[in-house]
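This report refers to the structure that appears directly beneath it.
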Amino acid sequence: MQLMILWALGLPAFNITPVRPLRSVLIQAENDVGDLAEMYQGVREGMGITPEQEAILNERIFIYRDTTRTGPDFVTAASALVDRHQPDLVWADPLLNYIGDEISEQRIISDFCCKLLNAVSLRTGVVWCLLHHTGKPSKDPKAASHWTASDLAYSGLGSSALARDRRAGARQDARRRPAHVPAQHDEAPDPGRFA
């Protein structure tokens, strides 16, 4: 939510500055409308958004709840929203709700991401931001203590294609870290400017 708001205002988030203010469509399945409104309003209030900025956000962020479509049906509905709002970014949260099949199979990931989502991207220029869950953590608290950023890129559930076939990725988790240790993220070589 915070990323969408900052980038809609053309402001940096996590040291990523958009080349211009970005329009976003969020398609959400986990939270009901009240929860979504509470999150959105809480972030806006916490950031001290002015009435002028709020008016800008109303023109650049569009939030939908879809709990019934998966696979090709989801992509058809999302494509219609892309045509309607002409966003720069489409956030699908969570990926597991929308993929519509076994996420561990390479064929499923290729069909969904490469064939379906990429077709929309190539036609419109939209960037897909697929929010995804990690698996259950190990009961051994030291199990991943030696992991590198590259190891963490593969920590999501499903086929390794989810980590390989993207331009950039980030992982956020609830573990505490000392203030002097930067958050881990990974980037593809030569990622260029965002959007």
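Antiparallel as a % of all DSSP beta bridges within segment 1-119, to the nearest 5?
Of the beta bridges lying entirely in segment 1-119, close to 10 percent run antiparallel.
Please work out how much length the chain gains when fully extended from residue 121 to residue 45, using 0.36 nm per residue of separation minus the C-alpha to C-alpha distance, in nm with one decimal. Mind showing how you got there, number by number?
Numbers: separation 76, 0.36 × 76 = 27.36 nm, distance 3.27 nm.
Contour length minus Cα-Cα distance gives 24.1 nm.
Mind giving me the nanometre distance, one decimal, between the label points for residue 55 and residue 104, set 7 Å out from Cα along Cα→Cβ?
Going by the 7 Å Cα→Cβ label model, 5.4 nm.
What full-extension length gain, to one decimal in nm, is calculated for residue 86 and residue 32 as 0.36 nm per residue of separation minus the Cα-Cα distance?
Net length gain for the segment: 17.0 nm.
I'd like the Karplus ³J(HN,Hα) series for segment 122-130: coefficients 6.51, -1.76, 1.60, θ = phi - 60°, whole numbers in Hz, and an x wherever there's a Gly or Pro.
5, 6, 10, x, 5, 9, 8, 10, 9
Under 5 Å between amide H atoms, partner at least 5 residues away or on a different chain: which partners does residue 91 have, H built in plane at 1.01 Å?
25, 26, 27, 129
Between residue 68 and residue 16, take the C-beta separation as r, use R0 = 45 Å, and let me know the FRET efficiency to the nearest 0.05. Please list the in-between numbers first.
Working: r = 33 Å, r/R0 = 0.73.
Approximately 0.85, to the nearest 0.05.
If you take the square roots of the eigenvalues of the alpha-carbon gyration tensor of segment 28-94 and sort them as a ≥ b ≥ c, do you get rounded (a/c under 1.5), prolate (a/b over b/c) or oblate?
It is oblate, given that a/c is not under 1.5 and a/b is not larger than b/c.
Any read-out appearing in this document is the output of simple, stated calculations on the displayed coordinates, not a laboratory observation. Remember, predicted model here, so these are calculated numbers, not experimental data. With ideal geometry, Cβ positions are generated from the backbone for all residues, glycine too; neighbour counts draw on all protein chains shown.
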